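The values are calculated or read from the model by the stated rules, or taken from the named source; none is laboratory data. Source: prediction; values computed, not measured. Cβ atoms come from the backbone with ideal geometry, glycine included; neighbour counts cover every protein chain shown. Surface accessibility is based on the protein's heavy atoms, side chains included, excluding ligands, DNA and RNA. Shrake-Rupley method; radii C 1.70, N 1.55, O 1.52, S 1.80 Å.
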Amino acid sequence: TGKNIVTGVKEQNPEPADLDIYKRVLNSSIGGTAVTNHATVIASIIGGAGNSFYDGRGIAWGCKFFPSSFDNLFADDETVLNDNHVSVQNHSYGTIVQQFYGAEALSYDVQTWQNRVLIPVFSAGNKGTEAALDGPYANIPGFANLTGNFKMAKNIISVGAVDNTASIPAETSAGPVYDGRLAPQLVALGPNGSSDAAAMVTGTVAVMQQVYADSNAGLLPAASLIKSILYNTADDVYSKGIDYKTGYG
């Protein structure tokens, strides 16, 4: 259920009075200034309790949520996340198509180097019909169109969307990133795009972290272990093998 796991939701604040996440949204010194439906939906997919509708339960329906604001596109203060026990953080937002390793990407690699448990999960973006304007993959329609240089980081999980038939919507962004690395690493069901898909993976990570902790005296697994399990057990879809549309599957 994700019990005892705190999932970060970096965008704006989910509605704390929503029936599905009621009394599970933690106070945050780095939260946004607004409450949005998008943040509430994302939190509900990650870990909604299913109180509002019988089939509306999220994946990690026993987890707690720690909001932070995407007004700051850099990685959040590691001390704040540690103090609030955040072990997986969802990022269902994007900017424009960017194909370079910038300061924002670097900040996430520094963060994950300092905290070997924390897993940032990013939506790949919904610019799949666009092409990069610069870089080695410029002007290739349908590829290299992840939204934001922070998604060029080396130690995150980026997630694309598939529909109910495991087909890829044209809008979901694809790799490669600027230096040829694989992205997205995974795809998941995303009825409204890669935002929902990222939330599906975030909830899955929260459950995996709980399962490990329950058998290891409360210790959380290394991020590398969780990523290895996800990548090696994903169902291959789209084209045979690893590819820039669906990653490992």
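The figures follow:
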{"read-out": "Qualifying positions in segment 86-138 - touching a strand residue (DSSP E or B) at 6+ places or on another chain (Cβ under 6 Å), of a type in the set (Phe, Trp, Tyr) and over 16 Å from Val177 (Cβ atoms)", "value": "Tyr93"}
{"read-out": "Leading residue by the ranking (farthest from the chain's Cα centre (by Cα)) among those in segment 199-249 that are of a type in the set (Phe, Trp, Tyr) and at negative phi", "value": "Tyr212"}
{"read-out": "Residue among Thr33, Thr1, Thr7 that is of a type in the set (S, T, N, Q) and open to solvent by less than 40 Å² (accessible area, probe 1.4 Å)", "value": "Thr7"}
{"read-out": "Residue match in segment 153-160 (condition: crowded, with 24+ Cβ neighbours inside 10 Å and of a type in the set (D, E, K, R))", "value": "no"}
{"read-out": "Top-ranked residue in segment 46-85 [being open to solvent by 10 Å² or more (accessible area, probe 1.4 Å), hydrophobic (A, V, I, L, M, F, W, C) and touching a Ser or Thr at 6+ places or on another chain (Cβ under 8 Å); ranked as farthest from Phe150 (Cα to Cα)]", "value": "Trp61"}
{"read-out": "Residue, surrounded by the fewest Cβ atoms within 10 Å (Cβ to Cβ), within segment 126-152, restricted to residues that are under 14 Å from Tyr101 (Cβ atoms) and of a type in the set (D, E, K, R)", "value": "Asp134"}
{"read-out": "Criterion: over 27 Å from Lys245 (Cβ atoms), in a loop (DSSP other than H, G, I, E, B), β-branched (Val, Ile, Thr) and at pLDDT 95 or above - qualifying residue of Val117, Val110", "value": "Val117"}
